[in-house]
Structures are given as C-alpha cells and as structure tokens.
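Peer 1: Dumping the structure here so I can ask a few things about it.
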Amino acid sequence: MNNLDSLNIDAVRSAVQERQTTAFAFAEAHYARIQDRDGEIGAFLTLCRDRALAQADRIDRMAAEGQPLPPLAGVPVAIKDVMSTSGVRTTAGSKMLDKYIPPYDCTAVERLERAGAVVLGKTNCDEFAMGSSNENSAFYPVRNPHDLTRVPGGSSGGSAAAVAADMAVAALGSDTGGSIRQPASFCGVVGLMPTYGRVSRYGLIAFASSLDHIGPLTKTVKDAATLLQVIAGRDPMDSTSAAVPVPDYLAELDRPIRGVRIGVAQEYFGEGLNDEVRQSVESAIDTLKNLGCEIIPISLPHTPYAIPTYYLIATAEASSNLARYDGVRYSLRARGVKTLSEMYRRSRDEGFGAEVKRRIILGTYALSAGYYDAYYLKAQKVRTLLTRNFDEAFRKVDAIATPTSPTAAFRLGERSDDPLAMYLADVYTVTADLAGIPGISIPCGETKDKLPIGLQILGKHFDESTVLRVAHAYEQA
C-alpha cells in the first residue's frame, strides 16, 4: 500500500469490495503517510484514529459478509476544522475554540460517514475561515506540498494540501469567498463549490451565513461528483438548504459537451492577471473549443465592485456571527477577571487573532447607525446587480470559464503585512459566492516554477451537472 498517489474513490471502494485489501489497511496507510509528511506540511490539526478505524472495521465486516457496499466505502477523507464532529475537537483554526468538542455531527460529515467514508481527522484552516493563504491559523501555517516555501491558499488550505500530498483521498472544505476553489488551484487539485443551498450548512461554524458553502476537494472531477452526490440535498436542520431535486451527477458526467456554450468575460482577463496564468487558462479555453464547445465573449460589468461588496457583506455577517464567542459558554474564557464586561473584552481579545479582529471591526462599523445605509445596504444592492449580471450572461451561455486566481501560489509571509493584496487573491472567486452560483476549479497547467494553475468553470444556479460535465471533459482531454 505504498502507492497512494493514484488512489481515487472507485479504486478504494472496488479494492475493498473485491477484498484485495481492507478499509482498515487503507486507513493505516494514510495515517502512515500523515506521520511521514504532515510534520513539514501542517495540514492536520486533530486526528481521530479510533473513530476512523472503527468505521473501517464496520466496512470490512460488510465486505466479508458479501453485503453491497455504500458509495464511499473505506474512502479515507479529511474534514476542514470548521465542521462539527461529535466527540472530536473542532477549533475553526482559532484559540477561541481550542478545547471545544461538539456534541453532534455536521450534516455533511454525517452523510459522508453514512456512505462509508472513513474520517481521518480535521484539517488546518485560516481562523474562522477568514483568509486566502492559511497563514491566519492560530496554530501553525499550512505549506504547499508542491513548494514548502509557498502558501496552499485559504481558507481550506489544510484540506487542499491533504489531498495534494495524498494524505487523504478526498476532503471537505468550505467556500465563502473562494476558500475551496483558490486552494484547489494553488495545490493542483479539484475544488467544487456547489450552489448556495445545495448542501446543508448545519454544523458548519458560521463565518458569513449568506455566503458559506460546503464542498469537496478531490483528485478528479468524478470524485467531486461522487462526494457531492452524497452530501447534497434538503436538510430539515438547515432552513437555507433548498428543496431542489438532486440529479444523478455521475450519469450526466460523460455526456458529450459538443455545442455547450462557454462564456468568456473580459473583466476576468484584465490587469493583475499573471501572464503564465493567462496563457494556461486561454489554452484551456482553446481545448474546450476543440472539444466542440462554442466560445462566446460576454461581459459581467459589475465585477470590479465585487471585492469591496464582498468585504462589506462578509465582515458585517462575521461581526454578527462571532458575537456568540463571549467567554460565557463554550469558548475561551479569560482568567483573573473581576467584572462581566472585562471578561467579555479580555476573552475576545485573547481568543481572536488579528485578521478576525480586523473583520469584526470592519463589519461592526459597516452595520453601525449612520453608516448602515452608506455601506451594508449599498453593498447588498450591488450584490443584486452582480447576480443580475450572471443571470443575463446565462441567458446566452451554459457556463463561464475564468482563471481561478490571478497568480499561482505566493510565498509564505509575502502578503501578510498587506491585507488588501491578500484580499485581491480572491478577485475571481468572490463573485460566485455573492451570486450563489456553483463553481469548480480544475488544474490546467503549471508555471515555469512547477506551481499549479487553476481553471474555473461557473454555472447556473443548481446546474452543477453542466459545471462537472465541462470540467470532466477538459480533465479527460
């Protein structure tokens, strides 16, 4: 079991089903890989070996009895540490929740385990999912497996790095402004953000509730489709999860893409786009054209306003959501305090890192009396305009192709002192979160320094099938 690098979901499941090996052996092999590699990468915060091996045992007993195995039987997966896991420490990458052990499972995690997945552990992330580089973790940064001097992207950097370094076959991440797709691009893996409401957010530690999505990071597009099939669908525990039928993504995957109309927006190819990234993405679009897609120039005119709009809405929602961490219940409580107000103040000061504080202050300001109309309300109006831009574009095209990120992975520490440069890393991803549409990042080349480059495919609301089909056809080509 030394060769973990070519493992995908089908290979694991069929090896266990046909009893060529066991789910237990797969789990142990991945723990050995974590032991070997994670000291230098830092992808994991907590491992849950007992839980994983108990699940692997269950799957092996089913295989031994000749029972039909569920779709993810024996597949070793990693979970971003912003999703609740019953009995397993869940920190959201923050000192505030350093000792928090949830009493329940996130719906997405529960559905994965019901489908036979073996949860290896919880992956490192930017604190409360706030960041584009995974340097904002309160514990330690994650390093990019392709080059340990560079960031893996954020905030789901631990999940992307775990899959890229073959420490897990697949992982779950969360995407609020690009946090699945941008690390997928930087680490050379597949990252899928479903439509808002397609996957339940129950048990996801909230950053910005109208923007947060849970989605898969995998080695192949087919694996992303398999994971989405398992976690998608209405959940009575989440009022924002949509009662929209979930299609058979795998059945749709191999349908030909000849005649599919692909939009290319000029706004995504302007200044700030690295030349090597531009060439790779343009070459990928040419490949889609050669596969029979019709390439159609489009315009998304409000795109330049996406970053300021996102950083007003996301910070306003964060300021509201993070008010619950007050030192009273399950979060860190400052010691030696004499009054209630001092306990609130000191607990929040000691528990939150600099980036989280920055965003809470920004959001509180945007929501404050006298500024609400000028900032938050105006941002919500621009969000509507951005959504309309996409609605209009999708009357002419079936999907939109863009770069995932304007650059490949940058060096650790390179943007730490410049929050604006860091925020601009998400310039091509935040638009989809604001509009609530699905998007995927797939590898489409490398820079001369051998750093991965990502192609992003965006689709209509609840049309993940087309996004996956186009991505799969490109990947196969």
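Nothing in this text is a laboratory measurement; each read-out follows from the coordinates by a stated rule. Note that this is a predicted model, so its numbers are computed, not measured. Backbone-built Cβ (ideal geometry, glycine too); neighbour counts: all protein chains shown.
Peer 1: At 0.36 nm per residue, and after removing the present C-alpha to C-alpha distance, how many nm does the segment from Glu18 to Ile361 gain when stretched out fully?
Peer 2: Length difference between fully extended and current span is 117.9 nm.
Peer 1: Oh, and also: Each label point is 7 Å from the Cα along the Cα-to-Cβ direction; what then is the distance between the points at Val337 and Arg261, in nm?
Peer 2: Going from the Val337 label point to the Arg261 one covers 5.7 nm.
Peer 1: If you rank Met130, Met193 by fewest surrounding Cβ atoms within 10 Å, what's the result?
Peer 2: Placing the least packed residue first, the sequence is Met130, Met193.
Peer 1: Highest mean first, how do 109-121, 425-437, 336-348, 283-295 rank when packing is the count of other Cβ atoms within 10 Å averaged over residues?
Peer 2: My ranking of the peptides, most packed first, is 425-437, 109-121, 283-295, 336-348.
Peer 1: Based on the mean of other Cβ atoms within 10 Å per residue, sort peptides 457-464, 355-362, 254-261, 221-228 so the most packed one is first.
Peer 2: Highest mean packing first, the order is 221-228, 457-464, 355-362, 254-261.
Peer 1: Can you sort Lys99, Lys378 so the residue with the fewest Cβ neighbours within 10 Å comes first?
Peer 2: Lys99, Lys378
Peer 1: Loop only per DSSP, at most 10 neighbouring Cβ atoms within 10 Å: give me the GluC sites (Glu not before Pro) in the range 1-86, ordered by residue number.
Peer 2: Values: sites: Glu18, Glu28, Glu40, Glu65; in loops: Glu18, Glu65.
Listed in order of number, the matching sites are Glu18, Glu65.
Peer 1: Now for a different question. Once the piece of chain linking Ala251 and Ala374 is laid out straight, how much longer is it, given 0.36 nm per residue of separation minus the C-alpha distance between them?
Peer 2: Numbers: separation 123, 0.36 × 123 = 44.28 nm, distance 4.79 nm.
Between Ala251 and Ala374, full extension yields an extra 39.5 nm.
Peer 1: Still on this structure, I have one more. Tell me which lysines have Cα within less than 21 Å of Lys396's Cα, excluding those fewer than 8 residues away on the same chain?
Peer 2: Here the lysines satisfying the reach criterion relative to Lys396 are Lys289, Lys460.
Peer 1: Can you list the lysines whose alpha carbon is less than 16 Å from that of Lys99, not counting same-chain residues fewer than 8 positions off?
Peer 2: Filter leaves Lys122.
Peer 1: Related question: Only loop residues by DSSP count here, and only those with at most 15 other Cβ atoms within 10 Å; note down the chymotrypsin sites (Phe, Trp or Tyr not before Pro) in the range 368-404 that meet that. If you can, show how the numbers build up before the last one.
Peer 2: Details: sites: Tyr371, Tyr372, Tyr375, Tyr376, Phe390, Phe394; in loops: Tyr371, Tyr372.
Here the sparse-neighbourhood loop sites are Tyr371, Tyr372.
Peer 1: Suppose we take every Cα in the range 168-273 and form the convex hull; what volume per residue is that in Å³?
Peer 2: In the range 168-273, the Cα convex hull volume per residue is 147 Å³.
Peer 1: What is the set of long-range amide H partners of Ser155 at a cut-off below 5 Å, with H atoms built 1.01 Å from backbone N?
Peer 2: Gly131, Ser179
Peer 1: Turning to a different aspect of this structure: Over the chain, consider all pairs of different Cα atoms and compute the Kirkwood hydrodynamic radius from their mean reciprocal separation; express it in Å, one decimal.
Peer 2: Roughly 22.2 Å, rounded to one decimal.
Peer 1: Contour minus end-to-end for Glu282 and Arg345, with contour as 0.36 nm per residue of separation and end-to-end as the Cα-Cα distance?
Peer 2: Numbers: separation 63, 0.36 × 63 = 22.68 nm, distance 5.09 nm.
Fully extending the segment from Glu282 to Arg345 adds 17.6 nm.
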